[in-house]
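The values are calculated or read from the model by the stated rules, or taken from the named source; none is laboratory data. Predicted model only: the values in this text are computed from it and were never measured. Cβ placement follows ideal geometry from the backbone for every residue including glycine, while neighbour counts extend to all protein chains displayed. Ligands, DNA and RNA are stripped out before the accessible areas are found, and what is left, the full protein with its side chains, is counted by its heavy atoms. Shrake-Rupley method; radii C 1.70, N 1.55, O 1.52, S 1.80 Å.
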Amino acid sequence: MLWTYALLTFGGVLPQSAFGLQLAAAVGVLGLLGVLCWRGHPADVPLIVVLCGTLAFGIWAGPRLGVPLFSGVWAFYAFRRSDDRRVVRFFHFLLLVGLGEALLGLFQYFVTPGWIFGYINVIPSPSGTLINRNHFAGLLEMLVPIAFGLSYRAAHRHRDLSQSYIYLVIGAVISLSLIFSTSRMGIVSLFITLGFMALMIRTRSSQKRIGTAMGFGLVGMILAGALWIGVDAILQRYGGLLEVDAALREGRMIIYRDTLKMIADNPWGIGIDGYRDGIRQYQTFEPGLLFDHAHNDYLETASEWGVFPAVAFWVFVIAVLVQSVRAFLRSDSPENRWILLASSGAIFAILVHSLADFNLQILSNAMLFCMFVGIALGWISRIETEEKINSHYRE
């Protein structure tokens, strides 16, 4: 998959990696268009139009927007047509990758700081195959909801508590690696997301105990793992970052204010990948430093794309999240609920983390995020189609 290639190339941040991803995505779009046109089904016409638009936009906008957009469209198409077994296999694959990244992060923490398959990162904090610990945390916080969703599926559909427990253990390992990354906003996002998913389950009156048990169970395992490793080690690790983080917090608030001034002067946007050059004339914090990103996805998209396209994008994502939660609450099918639970949790995690970071400017994380948006939208569309068919037969 393109996503695994992006992960193995430090998140796809290198120009040659991004170009390769864009080329492969374009070939994928053309291949899917060929299949749909050869089949010639009238119902595929809207998707063909969307794919043509995706191809044109991806070539025009470049890999940073085009590749994630293709990932989202592909996920929508695939999940709208996939059966439950394929969906489970795909989520198992994502969870396996997440576990591998987490174990690499723990290896970096305890054995070889900064080691990434031979490359030595100058920043010693655990980061998996990514360079930045915050992006590593962003990746893992999108994968923990998969473990939570699969655990919910095992407990509710199969009544298999042992399998449910295994998924929670995997989620706890991934969460521990996130905690040791020392990404402050990543940790905040993780626990808020766990609370959000537990609340989703508890809102269904018949499943309050399941939501409470899963939420406390996963948090309990995370805390138990931290205690087993040693709280002193964790506190010592954080202690060295307090002064740096305090300076960064102050600096980020100034950068946010400078970015807002730039947005006010350029409401139509400064262009994709234009933030680094555009912020220079507005920068009041450490003029000698170069800021590639705003450390806030909401502000950065508004500054580069323009206010109206950015607002439209975020409203669309939030609308998908709201519809996903509503579909979860009204669905009577465990197969529908666990998929919606996992995808909602992943989307929610990045929406929280984006308040203080720029995960969506990293190709691997942007691809995964857009895949979850496409998965949620595709599964909602599938549920609505099934409801219409069932309603027709009842009449």
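According to the Kirkwood relation over distinct C-alpha pairs, the hydrodynamic radius of the range 270-391 is 16.1 Å. Note on F19 and D84: the model spin-label points, each 7 Å out from Cα along the C-beta direction, lie 4.7 nm apart. Highest average first, the peptides 123-135, 13-25 ordered by how many other beta carbon atoms sit within 10 Å of their residues are 123-135, 13-25. What the Cβ-Cβ distance of S162 and W314 gives, at R0 = 45 Å and to the nearest 0.05, is a FRET efficiency of 0.65. Along its principal axes, the range 1-68 has C-alpha extents of 41, 22, 13 angstrom, given from the largest down.
Placing a label point 7 Å from the Cα of A61 along the Cα-to-Cβ direction, the residues of the range 264-297 whose backbone N falls under 17 Å from that point are 268-275, 297.
For the range 129-169, the relative contact order works out to 31 percent when only alpha carbon pairs closer than 8 Å and six or more residues apart are counted. A DSSP coil position with no more than 11 other Cβ atoms inside 10 Å describes the following trypsin sites (Lys or Arg not before Pro) in the range 137-179: R159. With the alpha-carbon atoms of the range 310-353 aligned to their principal axes, the span from lowest to highest coordinate is 35, 18, 11 Å, starting with the largest. In the distance distribution for the chain, Cα-Cα pairs more than 29 Å apart total 45 percent.
The mean sequence separation of alpha-carbon pairs under 8 Å and at least six residues apart, normalised by the residue count of the range 42-138, gives a relative contact order of 13 percent. Protein heavy-atom surface of the chain, 1.4 angstrom probe: 67% of the accessible area is carbon and sulfur, with nucleic acids and ligands not counted. Estimated from helical segments only, the mean residue ellipticity of the chain at 222 nm is -26000 deg cm²/dmol, where each DSSP H run of four or more residues counts as -39500 (n - 2.57). Looking at the chain, the accessible area is 46 square angstrom per residue; that uses a 1.4 Å probe and ignores ligands, DNA and RNA.
Put simply, when 361-369, 266-274 are sorted by average Cβ atoms within 10 angstrom per residue, most first, you get 361-369, 266-274. Taking every Cα-Cα distance in the range 117-157 and sorting them into 10 Å bins from zero, the calculated P(r) comes out as 27, 33, 23, 14, 3 percent.
With the convex hull of its Cα atoms as the shape, the range 33-156 has an orientation-averaged projected area of 10.7 nm².
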